[in-house]
Amino acid sequence: MTRSHQKLPASGPKREALREKGQFWTPPWVAEAMVSYVLNGDTDHVFDPAAGAGAFLLAAKHLSKNYGKNIRLLGTEIDLHALEQAKQAGLTEKDLREVEIRDFVLNGPDRRFSAIVANPPYIRHHRISDGTKASLRLLTKQITGKVLDGRTGYHVFFFIKALERLAPSGRLAFIMPADTCEGVFARTLWKWVMDTYRLDAVVTFTHEATPFPNVDTNALIFMISAAPPAPTFAWCRCKEPSPTALKNWVEQGFQESDDLALYSVTRVLEEGYETGLSRPPQERHVGEVLGDYVRTMRGIATGGNEFFFLTKSQIESLSIPTSYTVRAIGRTRDVDGDEVTQQTLVRLEEEGRPTYLLSLDGRPEADFPQPIRRYLREGIKQEIDKRALIKQRTTWYKMESRKVPPFLFAYLGRRSARFIRNRAGIVPLTGFLCVYPITQDKGSLEKLWRLLNHPDTLANLHRVAKSYGSGAIKVEPRALERVPLSAKALADSGFACPPSGQAQMAFHLTG
């Protein structure tokens, strides 16, 4: 696509269709840098397994003149409409004659390619059918010898298949979301990649330079060659969408620099693997971590908030006894500051927000009061019991439970991730993590509150978080426990050393 950015529908059916296809077009300044990398190898072609609107093939057509090569444009694509857009962007029927209409991952070409470049479809795991997931698991096992976690997105399978189709000494450039090296599957994936291929360069982007404005993802470029692994790789952060800086950096062999447009360094492969390729270089932390002081777990997953999570007026109109409910908070934006208080609950009630979680145990339905039995029958009419998460329960209406956590952690969103003091005795839903101190005396709670909100602790969240668009981060429970603690944060908070008996919990987290 020759325009600087794809025009994206903000919402509605068109935006949903875009998510289903995972199509986000690559801007020319990024496409040209990626194509430059693969053209610097020994090749007479460029192959794009997700040709789409033709950004990479168009860049190859233009750049091949600079390299003095007669480059064949090869590719696969499943969406004929996308190829029509490629023609509008400047590619001809002749240019596209070797682009095949086929599924690259599950029905791709048998041959190998010496230059592969792509922006694979970004389709999240919950949009992939069970049958396709089974085929992808088998394919991954055949190629890598491993089975990746079920939460792996479709772009990762494109990446694995493309690497498998890379010819000896060939080059591959893929642009993908940061979850490719931050997701639960990432360590397994990158152990295979780094043991099998040579990682030449990784390119990251600041918010100002993002190739995909208004898309909730943090993009990275991976440049990999089919050669023996090397001990180091180049790492770059683009600071502005320069039409030449990134391309020049690639063509000049990834020289270290720090100018207005980009910053680059040479990194040790092992450090990059341990730190995470999307994150800047870091020294290994050998001190204390947050897990020396707390245990964390996700909030309650109801499986159907609109049925189980109720407002005060709903509780009253349904005549549900409050003894069968617990007070709860569902959304991070329901908490204005860094505390949840009784006043918070009053405000939410006045706004008509739900704060009562129907928290039933597994007793037979007949043992509940009449209002609850009537409400459960209504749930069955609505087929609440057949929803994916709920139907896995032995008793469909039995709710997860949590001990009231003294602290919550708002772990995902465009607002700054933050810790919240729970002074209202609520339990959180999945918009939060529960944070349980290992030592619970009042003095330790106050010190821990200072430690959680120390600037050094908050700054170190980025060392373990998943990164998304617009600066948003997501910190999973186990990752939160790995947050490094600085000596200054510990001293300022009043901690001299980790609490004794840290391996023992003073209570059961699940109630």
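On the given criteria, is Val404 hydrophobic (A, V, I, L, M, F, W, C), in a loop (DSSP other than H, G, I, E, B) and touching a strand residue (DSSP E or B) at 6+ places or on another chain (Cβ under 8 Å)? So Val404 passes the test.
Output the residues belonging to the stretch 298-327 that are surrounded by 14 or more Cβ atoms within 10 Å (Cβ to Cβ), part of a helix (DSSP H, G or I) and among the charged types (D, E, K, R). Step through it out loud before you land on a result.
Pass one, the stretch 298-327, residues surrounded by 14 or more Cβ atoms within 10 Å (Cβ to Cβ): 298-300, 302-305, 307-312, 314-315, 318, 320, 324-327.
Of the ones still in play, those that are also part of a helix (DSSP H, G or I) are 305, 307-308, 312, 314-315, 318, 324.
Across the stretch 298-327, the qualifying residue is only Lys312.
Here the stretch 364-400 is the region considered, the condition is being of a type in the set (Gly, Ala, Ser) and at pLDDT 95 or above, and the residue that is surrounded by the most Cβ atoms within 10 Å (Cβ to Cβ) is Gly379.
Restricting Arg279, Arg284, Arg267 to those that are of a type outside the set (Phe, Trp, Tyr), over 30 Å from Glu350 (Cα atoms), without any contact (Cβ under 8 Å) to a residue 60 or more places away in the chain and outside any strand (DSSP E or B) reduces the list to Arg284.
Residues that are surrounded by fewer than 21 Cβ atoms within 10 Å (Cβ to Cβ), farther than 16 Å from Cys181 by Cβ and not hydroxyl-bearing (Ser, Thr, Tyr) within the stretch 470-481 comprise Gly471, Ala472, Pro477, Arg478, Glu481, listed in sequence order. Checked against the criterion of being modelled with pLDDT under 90, farther than 26 Å from Asp42 by Cβ and among the charged types (D, E, K, R), the stretch 93-111 has no qualifying residue.
Could you say which residue among Arg450, Arg374, Arg423, Arg418 is under 26 Å from Leu357 (Cβ atoms) and either aliphatic (A, V, I, L, M) or without any contact (Cβ under 8 Å) to a residue 60 or more places away in the chain (or both)?
The conditions single out Arg374.
In the stretch 77-188, counting only helices (runs of 4 or more DSSP H) that sit wholly within it, the ones holding 3 or more residues that are crowded, with 21+ Cβ neighbours inside 10 Å span 154-164. Return yes or no: is Gly352 closer than 14 Å to Phe309 by Cα, touching a residue at least 60 places away in the same chain (Cβ under 8 Å) and among the small types (Gly, Ala, Ser)? It is false that Gly352 is closer than 14 Å to Phe309 by Cα, touching a residue at least 60 places away in the same chain (Cβ under 8 Å) and among the small types (Gly, Ala, Ser).
One line per residue, one yes/no per condition, for (1) surrounded by 17 or more Cβ atoms within 10 Å (Cβ to Cβ); (2) farther than 11 Å from Ala201 by Cα; (3) outside the structural domain of Ala465 (by TED's automatic domain parsing):
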| position | (1), (2), (3) |
| --- | --- |
| Cys238 | yes, yes, yes |
| Thr244 | no, yes, yes |
| Lys247 | yes, yes, yes |
| Gly253 | no, no, yes |
| Ala261 | yes, yes, yes |
| Arg267 | yes, no, yes |
| Glu271 | no, yes, yes |
| Thr275 | yes, yes, yes |
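Against the criterion of being at pLDDT 90 or above, surrounded by 17 or more Cβ atoms within 10 Å (Cβ to Cβ) and outside any helix (DSSP H, G or I), Ala53 qualifies.
Taking first residues from the stretch 179-195 that are not assigned by TED's automatic domain parsing to the domain that holds Phe159 and partners that are surrounded by fewer than 17 Cβ atoms within 10 Å (Cβ to Cβ), no Cβ contact under 9 Å between residues at least 6 apart in sequence or on separate chains turns up.
Note on the stretch 328-337: residues that are part of a helix (DSSP H, G or I) and either at pLDDT 95 or above or not charged (D, E, K, R) (or both) amount to 1.
The values are calculated or read from the model by the stated rules, or taken from the named source; none is laboratory data. All values derive from a computational prediction rather than experimental measurement. Please note: Cβ atoms are built from the backbone with ideal geometry, for glycine as well, and neighbour counts cover all protein chains shown.
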